[in-house]
Amino acid sequence: MPLNYNDIKEVTINGRYVTDKHLDAFLDAVSKYFKIQTEGLSVEGRAIKSIALGKGDLKILMWSQMHGNESTTTKAVLDLINFLKSDSELSRYILKNCTLKIVPILNPDGAMAYTRANANGVDLNRDAQEKTQPESLVLRKIYEDFKPDYCFNLHDQRTLFNVGNTPRPATVSFLAPAHDPERSISETRGISMQLIVAMNEELQKFIPGQVGRYDDGFNSNCVGDTFQMLHTPTVLFESGHFPGDYDREETRKYIFMAMLRAIEVISQGTIHQYKRDSYFDIPDNNKLFYDVIIENIPIPEPKYGSNGSAAIQYVETLVNGKIQFKGKLEEIGNLQGKFGHKTYNCLFYKDLMKIKNKPELMDLLNSNGIFF
């Protein structure tokens, strides 16, 4: 990395709950350096703002929190903006050669309510063709007016994703979206792949084996697929789980690093150095993780067999302006081939005591007929 990450991390914004109100002070501060503009209004009348940076010919458009409860990339975007005003050699070079337009929160109503959908209950990433929602219209107008050379579609993914068949979490995943049902490789999609290869090479230095490739099934209603159809190289970023990092403060760092590397490659005109075929060397995402697995539990019913495990997945809930992670029992039985971000084995006394000392976990198990 070109400088100490902690020097540019935006420490005033952290955790999982990030709204337009949280960004007000930051945007006011950076307005001294970059242009802040209201691009339109959400369903509930909240401003959808953009930040314009740089004066170069290469145009990059990026948007975050299209899904209101996916805030990790928003935090990383703020870190990126801090880097670009740091007056380093690389930041000056990027701003000279590139123009960036960043929408930090496309779905401010969903961000406020901590929901995937907007205030009308519509998934904006399934509204690219019909454009029924004001937020969708705002993004399309920005796209048409700005005429980007590249697009970054910034998201979060759930903790259940792992890399390939390994017990490694997909801390970061990428996708070069398809532009047709055959998922053919056009020049545009090929460029997206090359950018991903460049980012993956960088991230492997820091999180080896923790980068995955997102499913590339074609859906013209998705924004990334649509922009790829419009011949703009588009990259989907997915922020995932880093061990023990449910607030995704570690993951934001790797998203920042990935974005910066992609922008650096674009600004230097070195995309051609990366092989498209290497994109397919990145393992597919898989869904083999649970948040908690408890092995060798007392089986509540004979149908589960004699040697079972319990799988628990956290549900994110907004409570008094904070995100709480509440367990939900997802599966009981043979969980061979599945992994837990946290694993307990009831045959081990220490693990059993740890379980018994967690009231919420005990209540969940007891309510499902599992008693120790």
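Among the numbered criteria (1) in a loop (DSSP other than H, G, I, E, B); (2) closer than 30 Å to Ala52 by Cα, which one does Ser184 miss?
Looking at each condition in turn, Ser184 falls short on (2).
Return the only residue of Phe206, Phe242, Phe256, Phe174 being hydrophobic (A, V, I, L, M, F, W, C) and under 27 Å from Gln129 (Cβ atoms).
Phe174
Would you say Ile196 is closer than 30 Å to Phe339 by Cβ, assigned to a loop (DSSP other than H, G, I, E, B) and among the aliphatic types (A, V, I, L, M)? Outline the logic, then answer.
On the way: closer than 30 Å to Phe339 by Cβ: yes; assigned to a loop (DSSP other than H, G, I, E, B): no; among the aliphatic types (A, V, I, L, M): yes.
For Ile196, the condition - closer than 30 Å to Phe339 by Cβ, assigned to a loop (DSSP other than H, G, I, E, B) and among the aliphatic types (A, V, I, L, M) - is not met.
How many residues does the range 306-341 hold that are among the charged types (D, E, K, R) and more than 30 Å from Asp20 (Cβ to Cβ)?
Step one: of the range 306-341, the residues among the charged types (D, E, K, R) are 316, 322, 326, 328, 330-331, 338.
Keeping just the survivors that are more than 30 Å from Asp20 (Cβ to Cβ) gives 330-331, 338.
Qualifying residue count for the region: 3.
Can you spot a residue in the range 350-370 that is in a loop (DSSP other than H, G, I, E, B), in contact (Cβ under 8 Å) with a residue 40 or more places away in the chain and charged (D, E, K, R)?
Taking the range 350-370 as the starting set, the residues that turn out to be in a loop (DSSP other than H, G, I, E, B) are 357-358, 368-370.
Next cut, in contact (Cβ under 8 Å) with a residue 40 or more places away in the chain only: 368-370.
Those still in the list that are charged (D, E, K, R) too: none.
No - not one qualifying residue is present in the range 350-370.
Which of the residues that make up the range 36-85 are more than 16 Å from Leu23 (Cβ to Cβ) and aromatic (Phe, Trp, Tyr)?
Residue satisfying the conditions is Phe83 alone.
Among the residues in the range 137-150, are any at pLDDT 95 or above, surrounded by fewer than 20 Cβ atoms within 10 Å (Cβ to Cβ), assigned by TED's automatic domain parsing to the domain that holds Arg46 and outside any helix (DSSP H, G or I)?
So the first thing to find is which residues in the range 137-150 are at pLDDT 95 or above, and the list is 137-150.
Pick out the ones that are also surrounded by fewer than 20 Cβ atoms within 10 Å (Cβ to Cβ) and you get 137, 140-141, 143-147, 149.
Going one step further and asking which of them are assigned by TED's automatic domain parsing to the domain that holds Arg46, we end up with 137, 140-141, 143-147, 149.
Those left that are additionally outside any helix (DSSP H, G or I): 147, 149.
Within the range 137-150, one or more residues are at pLDDT 95 or above, surrounded by fewer than 20 Cβ atoms within 10 Å (Cβ to Cβ), assigned by TED's automatic domain parsing to the domain that holds Arg46 and outside any helix (DSSP H, G or I).
Taking the stated definitions as given, is Ala128 of a type outside the set (D, E, K, R) and farther than 26 Å from Ser31 by Cβ? Outline the logic, then answer.
Working: of a type outside the set (D, E, K, R): yes; farther than 26 Å from Ser31 by Cβ: yes.
Spelling it out, Ala128 is indeed of a type outside the set (D, E, K, R) and farther than 26 Å from Ser31 by Cβ.
With respect to Thr343, is the statement that it is in the same structural domain as Ala76 (by TED's automatic domain parsing), of a type in the set (Val, Ile, Thr) and surrounded by fewer than 17 Cβ atoms within 10 Å (Cβ to Cβ) true? Let's see the steps before the verdict.
Values: in the same structural domain as Ala76 (by TED's automatic domain parsing): no; of a type in the set (Val, Ile, Thr): yes; surrounded by fewer than 17 Cβ atoms within 10 Å (Cβ to Cβ): yes.
Here the answer is no, as Thr343 does not meet what is asked.
Has the range 147-167 got at least one residue that is under 23 Å from Leu27 (Cβ atoms) and aliphatic (A, V, I, L, M)?
For the range 147-167, residues under 23 Å from Leu27 (Cβ atoms) and aliphatic (A, V, I, L, M): present.
Would you mind telling me which numbered condition in (1) part of a strand (DSSP E or B); (2) in contact with an Asp or Glu (Cβ under 8 Å, 6 or more places away or on another chain); (3) closer than 21 Å to Pro177 by Cα Arg261 fails?
Among (1) part of a strand (DSSP E or B); (2) in contact with an Asp or Glu (Cβ under 8 Å, 6 or more places away or on another chain); (3) closer than 21 Å to Pro177 by Cα, Arg261 violates only (1).
Can you pull out the residues in the range 1-12 that are in contact with a helix residue (DSSP H, G or I) (Cβ under 7 Å, 6 or more places away or on another chain) and assigned to a helix (DSSP H, G or I)?
The initial filter retains those residues of the range 1-12 that are in contact with a helix residue (DSSP H, G or I) (Cβ under 7 Å, 6 or more places away or on another chain), namely 1-2, 5, 8-10, 12.
Listed by number, the residues that qualify are Tyr5, Ile8.
Please go through the range 1-38 and pick out each residue that is farther than 17 Å from Ile51 by Cβ and aromatic (Phe, Trp, Tyr).
Tyr5, Tyr17
So which of Arg276, Arg248 ends up being under 30 Å from Ile355 (Cα atoms) and basic (Lys, Arg)? Break it down stepwise before answering.
Details: Arg276 fails: under 30 Å from Ile355 (Cα atoms).
Arg248 is the lone residue from the list that is under 30 Å from Ile355 (Cα atoms) and basic (Lys, Arg).
Suppose we filter Thr232, Thr270, Thr251 for residues that are hydroxyl-bearing (Ser, Thr, Tyr) and surrounded by fewer than 16 Cβ atoms within 10 Å (Cβ to Cβ); which single one remains? It would help to see each step written out before you state the result.
Values: Thr232 fails: surrounded by fewer than 16 Cβ atoms within 10 Å (Cβ to Cβ); Thr251 fails: surrounded by fewer than 16 Cβ atoms within 10 Å (Cβ to Cβ).
Only one candidate passes the filter, namely Thr270.
Looking at the range 37-49, is at least one residue over 18 Å from Ala258 (Cβ atoms), in contact with a Leu (Cβ under 7 Å, 6 or more places away or on another chain) and basic (Lys, Arg)?
Looking for residues that are over 18 Å from Ala258 (Cβ atoms), in contact with a Leu (Cβ under 7 Å, 6 or more places away or on another chain) and basic (Lys, Arg), one finds at least one in the range 37-49, hence yes.
The values are calculated or read from the model by the stated rules, or taken from the named source; none is laboratory data. What you see is a predicted model, and the numbers here were worked out from it, not measured in a lab. All Cβ positions, glycine included, derive from the backbone under ideal geometry; neighbour counts span all protein chains shown.
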